[in-house]
Each structure stands twice: as C-alpha cells, then as structure tokens.
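In what follows, a structure is listed as structure tokens, so that the remarks can point back to it.
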Amino acid sequence: MLHVNNETSENGSATFHCVVESRPASTITWKNSSHVLNTSSNANDSYYTIQKANCLQTGTYQCKAENTIDSKVQTVEAEIKFFVLCSVRRDQRKPYMLGGIGIKDEDPLNITEYLVAYPKPTIEWTFKNESIKSNDSFGTFSHYTSILKWQIGINDFGVYTLNASNKFGEPYVRTYDVFSQRKPTPPTNITAECDVIKMKVFWRSESNGGDTQRFKVSWWNQAKNSTIYSREIEDLGEGKYHCETTESLMSNTLYVVFVEATNSQGTVISNERMNCTTKRSK
C-alpha cells in the first residue's frame, strides 16, 4: 500500500494505492474499521480516493486482498494511518449539553464537553477569571474534557469557560452558567386556533430552571368562571414549540388561555393570555 502523504487538510483530498502480487488476480477490499469502502474484483492493484476530507475520516484504513489457490482462500492485509488536520469543534455525534445548568446546593456538578480536533488541542478552563483543573482524555481525533465537583457549594455557582485550541482555525470557546435551581421561565408565544368545541393551543418552551419541567394548559370560561385543565405535557426542550388540543369546550364562548410550567421549585403561569372564541354550532 502506498500513500505519498498520510496527512491532508480539512476539505483536502487523498488517494491510497494498494498493489498486490498474486496469481490468480485478487479481490481487493478497502475498509475503515469494519466499514467496507470499496471492492475491486480480478485486480492486482486498487485506488481509494477521499475527495473532500473531514475530521471524522481520520483513522486506520485497510487494504485486504483475497484469492483462491487449490480451493483454499489466501488473504493478505496492509494498513495505513490517515490524519485530517482540523481545528477544534464540538463532537456532534455526542449529546449536546445546554449552557445553563441548574443544580441544587450540595449536589454533584459534571460539565463534560466532547471535542473533535487533530492534532490534539490545548485545553483551559477558567472560573471567576482563574484557571481551574479539568479532567481531560485525548484520542487520535476525538477527545473530552470535564469539570467534576462532588458537592457544589454557594461559591461554586457562576460562569465556567472552556477554551480549546490547536494550531488550526479559531479557538473553540464555550461558557456554562451554573446556577441554583429555580422556577421555570414562563412559556411564551401563546397562540390558539378555535373551532366549535375544539381548540389547539401552541406555545414556546423557555428555560426549565435547571430541572425537568412539565406544562398544563388552562381554558378559562369567563362567563361561567370555570376552568378546564389539560393533562401534564412533557417538555420537548428549551426553545421548542408545543401543541395541546381539547375537544371539551362550549360553542360560541370566549375562553382565556394560559399555559403553566412546573418543576420541583414551583409553578409559573405564562405572562401572555390568549383570548379565543369558539365558533357557533350549525
């Protein structure tokens, strides 16, 4: 196997060449880990080209050649390590951690950031303008860094900043605001669609206050001073839109719609009220 340069820049190209001496000719297979990339039959050499390299294509590439002599399969393999030069960025294969972290006093704190970069980055965390120790693990191109505190106290609340860089591109900077858990932020963008006895209500989820939140929709019949409540609705995530429908309303009636958000710290009600009058029945 030949490759003139086993490094390339991000978005650059690279070509591997595998030469086999065999009679009869071989079946040549290219693989990256267990993933088959290309197969050539009845061949004595084979090329594999990466047209536009990305960071995740760093790794070990194998050329495997097989033929059959006297009913026995003969196999030979060769490999090359290939590196894509790339700046530091978040590893999008891993779950995304929100920048606001609500936590109870004396609970543990774990901030973990998964990164992709080659060569490996230099990592620094700061808190209140001072460098702090982190737990770092480096692979070939995938890495992680974390801040661990087994019992958080009042002096541990505040903004933690990660700065990770290598010699390519701009540094990767991420901040985490660690705060004492609080009530959710009231839902916003309340809208409603009215039918005869049916109404759809839409709203946008805001911060959960650092704890799991759930929602309830209330429909207040102003004329009768009575309220209908929805089931509890799970949060889809901050900034996501939600929808809840009821088919238990009176026709030709004005309803005032509210959305409640609740977590372990308490309940808040949307500052916005939506008025919606159901249609007359035919």
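Starting with the highest mean, order 176-183, 104-111 by the number of other Cβ atoms within 10 Å, averaged over the residues of each peptide.
Listed from highest to lowest mean packing, they are 176-183, 104-111.
Between segment 25-65 and segment 129-179, how far is it from one alpha carbon centroid to the other, in angstrom?
Value for the Cα centre distance between the two parts: 37 Å.
Using a Debye calculation, one point per C-alpha and no hydration shell, please list log10 I(q)/I(0) for segment 7-85 at q = 0.15, 0.18, 0.21, 0.24 Å⁻¹ in order.
-0.53, -0.71, -0.89, -1.08
If I model a spin label at N42 and D156 as a point 7 Å from the Cα along the Cα→Cβ vector, what separation in nanometres do I get?
6.8 nm
What's the long-distance tail for the chain, i.e. % of Cα pairs beyond 34 Å?
Looking at the chain, the distances longer than 34 Å represent 52 percent of pairs.
Residue by residue through segment 209-223, which ³J(HN,Hα) values in whole Hz follow from phi under the Karplus form 6.51 cos²θ - 1.76 cosθ + 1.60 (θ = phi - 60°), with glycine and proline marked x?
For segment 209-223, the Karplus curve yields x, x, 8, 4, 10, 10, 10, 9, 9, 10, 10, 9, 7, 5, 5 Hz.
Report the residues of segment 177-197 in range of a label on R204: point 7 Å along Cα→C-beta, backbone N strictly under 15 Å from it.
Under cut-off, by backbone N: 185-192.
Divide the volume of the convex hull of the Cα atoms of segment 188-277 by its number of residues and quote the answer in cubic angstrom per residue.
Given the Cα convex hull of segment 188-277, per-residue volume reads 84 Å³.
What are the ³J(HN,Hα) values, in whole Hz, obtained from phi via the Karplus relation 6.51 cos²θ - 1.76 cosθ + 1.60 with θ = phi - 60°, for each residue of segment 152-159 in sequence order, with x given for Gly and Pro?
7, x, 4, 7, 8, 7, x, 9
Starting from 0.36 nm per residue, how many nanometres of slack lie between T126 and C243 once their C-alpha separation is accounted for?
Using 0.36 nm per residue and subtracting the Cα-Cα distance, I get 38.1 nm.
Give me a comma-separated list of calculated 3J(HN,Hα) values for segment 95-110, in order, Karplus coefficients 6.51, -1.76, 1.60 applied at θ = phi - 60°, integers in Hz, x for any Gly or Pro.
Values per residue, Gly and Pro as x: x, 8, 9, 5, x, x, 10, x, 8, 7, 4, 6, 7, x, 10, 9 Hz.
In nanometres, what is the gap between the two model label sites at E232 and F179, each 7 Å from Cα along Cα-to-Cβ?
Taking the two extended label points, one gets 2.4 nm.
Counting DSSP beta bridges with both partners in the chain, what percentage is antiparallel, nearest 5?
If I count the DSSP bridges inside the chain, around 95 percent turn out antiparallel.
Can you work out the FRET efficiency for the pair A78 and E10, with r the C-beta to C-beta distance and R0 = 30 Å, to the nearest 0.05?
Efficiency, from the Cβ-Cβ distance: 0.70.
Check the cysteines of the chain one by one and keep only those with no other cysteine Cβ under 4.7 Å from their own.
Isolated Cys, the chain: C243.
None of the figures in this text is laboratory data; all of them are computed from the coordinates on show. Fair warning: this is a prediction, and the values are worked out from it, not measured in the lab. Glycine also receives a Cβ, built like all others from the backbone with ideal geometry; neighbour counts cover every protein chain displayed.
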